[in-house]
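The next block holds one structure in the form of structure tokens; read it before the comments.
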Amino acid sequence: MIGDFDDIFARLKAKLPTRWFGGVTDSMPLLDGVLSGIATLLSFVYALYGYAKLQARIATATDGWLDMIAADFFGPTGLLRKAGQSDTSYRLVILANLFREKATRAAIVNILTSLTGRAPTIIEPMRPADTGAYGAPNIGYGVAGAYGSLSIPYQAFVIAYRPVSNAGIASVAGYGIPTGAYSTPSRAEYASLTMVTGGVSDADIFAAIDAVKPAGTIVWTRVSN
């Protein structure tokens, strides 16, 4: 392999005059000992260079460097790696959040659904589709609709729901569960332990909303079971 001990040792020995030091395959104990020390050091440097090169891109970064990339983009506590989460799984989470839709109603729905597996209820007081209207089919006392107001612009009320299970894989039904049908909100799929997410705290939910809500807006949030 290019850059490993054998490769560098052969390259070094090939540069020496063969009439004095023999060919690459000739045994020269003293010379080979000296060249082995040099080749060991240079192969380590080359391997370190290759490792450092990988850490320069999200697609190839590994280990703690992937955590540092997440901290650079999302802050020290913005997107922490879950306990036991693999590099591949964590990388997908970073990329998903890096290109996630933001500053829209759909952004809040998507991030909470991804986090908890349950879509939130969102009410914008200035949006008739949420509040209903007199004579409209989307209003009924105690059944549908909500109080609307034009005096609280740029504000919304969100009811976020905690995960049904405190650990698992969002939107994926367990083995033998009837709801695990193809293309349904709760589906079944082949999974691994690296896909299991730990418990989602209320703080995680608040942080998720804050990460995608439009600047200059107020999102009043209630967390419910």
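The values are calculated or read from the model by the stated rules, or taken from the named source; none is laboratory data. Please read all numbers here as calculations on a predicted model, not as lab measurements. We place every Cβ from the backbone using ideal geometry, glycine too, and count neighbours over all the protein chains shown.
Quick notes on this structure:
- Some residue of region 23-41 being at pLDDT 90 or above and not in a helix (DSSP H, G or I): no
- Residue match in region 84-92 (condition: out of contact with any Pro (no Cβ under 9 Å at 6 or more places or on another chain), on the phi < 0 side of the Ramachandran plot and assigned to a loop (DSSP other than H, G, I, E, B)): yes
- In the set (1) of a type outside the set (A, V, I, L, M, F, W, C); (2) surrounded by fewer than 17 Cβ atoms within 10 Å (Cβ to Cβ); (3) at pLDDT 95 or above; (4) out of contact with any Leu (no Cβ under 9 Å at 6 or more places or on another chain), the condition left unmet by T60 is number (4).
- Residue check: I69 meets all listed conditions (1) over 30 Å from L12 (Cα atoms); (2) aliphatic (A, V, I, L, M); (3) free of Cβ contacts under 8 Å to residues at least 12 places away in the same chain but one, namely (3).
- Residue ID - farthest from A203 (Cα to Cα), chosen from residues in region 63-91 that are surrounded by 12 or more Cβ atoms within 10 Å (Cβ to Cβ) and of a type in the set (D, E): D87
- Pick from region 146-164, criterion surrounded by fewer than 17 Cβ atoms within 10 Å (Cβ to Cβ) and not aliphatic (A, V, I, L, M), ranking: modelled with the lowest pLDDT: Y147
- The set of residues in region 101-145 being surrounded by 15 or more Cβ atoms within 10 Å (Cβ to Cβ) and of a type in the set (A, V, I, L, M) consists of A107, I108, V109, I111, L112, L115, I122, I123, M126, I139.
- Unique match (being under 30 Å from L115 (Cβ atoms) and in contact (Cβ under 8 Å) with a residue 12 or more places away in the chain) among F9, F74: F74
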